[in-house]
Amino acid sequence: MPAKDQYHTAVRQALLKAGWSISHDPYAIVLPERFLYIDLRATHFEQQRVITVEIKSFELPSPIEALAQAIGKYSLYRAALDLIQNTDALYLAIPSRAFYGIMQETLSQRLLQKHAVHLLVFDPDQQEVALWHP
């Protein structure tokens, strides 16, 4: 099992507060050659939606390194979900300071667009969803 991100509990609580039920923590993807684990899978029964969520704290020594790792992992998980024909919406959960920081830069905006990244922006102190983007 992979280590949990420092904000794992905050994102889990934010989703619960927003009316989501956590069905998997973590969500295992079984491929012929290996297992992968996405942090959470959640269901919102009223909206009839199921999502998978990868959590990133953006706490690496460099914001660019954190961005590269987050986009890379998001792309890897999107490809893995496609391989198993899972159509869940995949979200990258990031703290609000990262969204209003590095994610507003031109390079980040281009990467989000190019990789069609869905963001779940959360407030780590309040443990609440601040924004769904797009």
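All of the numbers you see were taken from the coordinates with simple rules; none came from a lab. From a predicted model like this one, the values you see are computed outputs, not experimental measurements. Positions of Cβ are generated from backbone atoms using ideal geometry, with glycine treated the same way; all protein chains shown enter the neighbour counts.
Could you identify which residue out of Tyr91, Tyr74, Tyr100 has the top mean-square fluctuation in a GNM of the chain using Cα springs shorter than 10 Å?
Greatest mean-square fluctuation among the candidates belongs to Tyr100.
Using amide H atoms built in the peptide plane, which far-off residues or other-chain residues are under 5 Å from Glu128 H to H?
Amide H to amide H, under 5 Å and 5 or more residues apart or across chains, Glu128 pairs with Asp123.
Hey, in the GNM for the chain with a 10 angstrom Cα cutoff, which one of Glu33, Glu46, Glu54 fluctuates hardest?
Glu33
Please work out the C-alpha center-to-center distance from the range 66-134 to the range 1-64 and express it in whole Å.
First find each Cα centre; the distance between them is then 11 Å.
Expressed as a whole percent, how much of the Cα-Cα distance distribution for the range 53-131 exceeds 19 Å?
On the way: 1029 of 3081 pairs.
That fraction is 33 percent.
Just to be sure I understand: with springs between alpha-carbon atoms less than 10 Å apart, which residue in Lys114, Lys56, Lys73 has the highest mean-square fluctuation in the Gaussian network model of the chain?
Greatest mean-square fluctuation among the candidates belongs to Lys114.
Over all alpha-carbon pairs of the chain, lay out the pair-distance distribution in 5 Å bins, whole %, shortest bin first.
Result, from short to long distances: 2, 10, 21, 25, 21, 14, 5, 1, 0 percent.
I need the shape label for the range 88-134. Rule: rounded when a/c is under 1.5, else prolate if a/b > b/c, else oblate, with a, b, c from the alpha carbon gyration tensor. It would help to have the intermediate numbers written out before the result.
Numbers: a/c = 3.08, a/b = 1.32, b/c = 2.33.
Oblate, since a/c reaches 1.5 and b/c is not below a/b.
With unit charges on the beta carbon (Lys/Arg positive, Asp/Glu negative), name the residue among Ala98, Ile38, Leu112 whose Cα is farthest towards the positive pole of the charge dipole of the range 19-113.
The listed residue farthest towards the positive side: Leu112.
Magnitude of the Cβ-charge dipole of the range 8-133, K/R +1 and D/E -1, about the Cα centre, nearest 20 debye?
Value, rounded to 20: 200 debye.
To the nearest 500 deg cm²/dmol, what mean residue ellipticity at 222 nm is calculated for the chain from DSSP H runs of n ≥ 4 alone, each contributing -39,500 (n - 2.57), summed and divided by the residues?
Theoretical 222 nm ellipticity from helices: -10000 deg cm²/dmol.
Just need log10 I(q)/I(0) for the range 23-71 at q = 0.22 Å⁻¹, Debye formula, equal scatterers on the alpha-carbon atoms, no solvent, rounded to two decimals.
Values, matching the q order: -0.86.
Calculate how many DSSP beta bridges within the chain are antiparallel, expressed in % of all such bridges and rounded to the nearest 5.
Approximately 65 percent, going by the DSSP bridge assignments.
Taking H placed 1.01 Å from N in the peptide plane, check which residues at least 5 places from His118 or on another chain put their amide H under 5 Å from its amide H.
Amide H neighbours of His118, under 5 Å, 5+ apart: Leu92.
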